């Protein structure tokens, strides 16, 4: 542009006349030579500038290619992540946690090669709300998916999408239970059919009968795990969400060549020791062993692909075992989870961590290790990665959990430190009814039979008693099964007060409150047969609020 202006000026009619009629004056005045030097100098500068710009454009293209290659190489140096989620596995029902009668050699191998966490907790003991909490890093009541079968709303932010934005290949296989809005957070989803534990609508469902489509090994929910791993792109780091159906009900005979024996079963004291209950437990044990086999397949595949050293494997459960006084409760048998982390570059093999961690801590930890700096304000958990190298240093004083509608209405909250637990039952007029599939189980049927015969002590009738205590306080060190309520013990007045304060502060901080409208039970509390309130597919929270079926 500047060259054009200069040339236009030099060759304009005015300058032409000036040079034509005044040459002698120009030379005498010394104007021509300086003008010529300035003109040629400017032309040279413009030419050089053009060459530099052309060189810069070419250099930029080369830089882009180099930077892109460097970015890909840096990405591949980031750790891969494999999150394995068992379905209804109690925290202590595997050999790493002392249950040697259950054959779990691969879960044991994982613990031997990594770190076992002994105080790991879920935010809720309910299938889909627990998964919603894990993937969003938020407490269930903050996800708008706090009741069973409520899908996670599209506006919720997950750690998976942030990994995907970073450049990770994100994929899920097995049980889904998150809702359609979460599918695009993953590059690939291989969802397993869940008809095996979802009663169908219509006459069959009303009769309490299942209509299963999966057979054999497919009933584990794990059959797609290894095929998914084998199909992953090799030029990206990866995150895998591998969710089993085992050991969720219903159970089947003959799934193992060498099944568990009734005499190998270890029953908690709050269940009567009868052949019927031992037989029910035995089938639960078999599904744990089948799950263990697929954990081994995942570990073997990582090894064959040569990515063991750079892959963090996290093994957890979504809630407690599917038996009375376990699943959906706020006792440790409901909210405590197995939690094993293998990460060869960071974690020493065969180590243990006694400190508290919560399932909402998984999201910020993974994002930190993936070198994602700005994770945003939505994640409510804490990065637990410091525990991987310093397992004795606590990262939190308390963990919190909640109980909401799960087949039956309820509303309770809990706070726990490393020793004591406080529970507040807001709907204490209701019994502690287990999930509907447990109500239909041989175990619960046996409980009802013995209760009718008046052969159950009070601590084995906890699922049948109403009203239940408004408050509960337990010393989990001296009373691991939480059978002795210390609320009225004067020795614990100060502790009770501090635990109340901690719970109220958490409720205020997370904007939690007791619903003003109760959600209807979808099953009979003694037979497990569906009520008129049961409609499938179940509506979302937004839809139920709009139709007056639940509280906002």
Members of the range 354-371 found to be surrounded by fewer than 19 Cβ atoms within 10 Å (Cβ to Cβ) and assigned to a strand (DSSP E or B), listed by number
354
Looking only at the range 246-270, and only at residues there that are touching a residue at least 60 places away in the same chain (Cβ under 8 Å) and in contact with a helix residue (DSSP H, G or I) (Cβ under 6 Å, 6 or more places away or on another chain), the one that is farthest from residue 324 (Cα to Cα):
260
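Here is a yes/no grid of residues against (1) modelled with pLDDT of 95 or more; (2) touching a helix residue (DSSP H, G or I) at 6+ places or on another chain (Cβ under 9 Å); (3) part of a loop (DSSP other than H, G, I, E, B); (4) under 30 Å from residue 516 (Cβ atoms):
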| site | (1), (2), (3), (4) |
| --- | --- |
| 437 | yes, no, no, yes |
| 447 | yes, yes, no, no |
| 451 | yes, yes, no, no |
| 456 | yes, yes, yes, no |
| 463 | yes, yes, yes, yes |
| 466 | yes, no, yes, yes |
| 473 | yes, yes, no, yes |
| 480 | yes, yes, yes, no |
| 494 | yes, no, no, no |
Residues in the range 469-476: is at least one more than 30 Å from the chain's Cα centre (by Cα) and in contact (Cβ under 8 Å) with a residue 12 or more places away in the chain?
yes
Based on what the data block shows, is residue 217 under 27 Å from the mean Cα position of the chain (by Cα), at pLDDT below 95 and outside any loop (DSSP other than H, G, I, E, B)?
yes
Of 208, 320, 306, 254, the only residue that is at pLDDT below 95 and either surrounded by fewer than 15 Cβ atoms within 10 Å (Cβ to Cβ) or closer than 24 Å to residue 463 by Cα (or both) is 208
If we keep only residues of the range 132-153 that are out of contact with any strand residue (DSSP E or B) (no Cβ under 7 Å at 6 or more places or on another chain) and assigned to a helix (DSSP H, G or I), then the residue farthest from residue 345 (Cα to Cα) is 142
All but one of (1) assigned to a strand (DSSP E or B); (2) buried (at least 24 other Cβ atoms within 10 Å of the Cβ) hold for residue 118; which doesn't?
(2)
Out of 365, 346, sole residue that is at pLDDT 95 or above, in contact with a helix residue (DSSP H, G or I) (Cβ under 8 Å, 6 or more places away or on another chain) and in the same structural domain as residue 84 (by TED's automatic domain parsing):
346
Set 176, 169: member being touching a strand residue (DSSP E or B) at 6+ places or on another chain (Cβ under 9 Å) and over 25 Å from residue 539 (Cα atoms):
169
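The values are calculated or read from the model by the stated rules, or taken from the named source; none is laboratory data. Being a predicted model, the structure only gives us computed values, none of them experimental. All Cβ positions, even for glycine, are placed from backbone atoms using ideal geometry, and neighbour counts span all protein chains on display.
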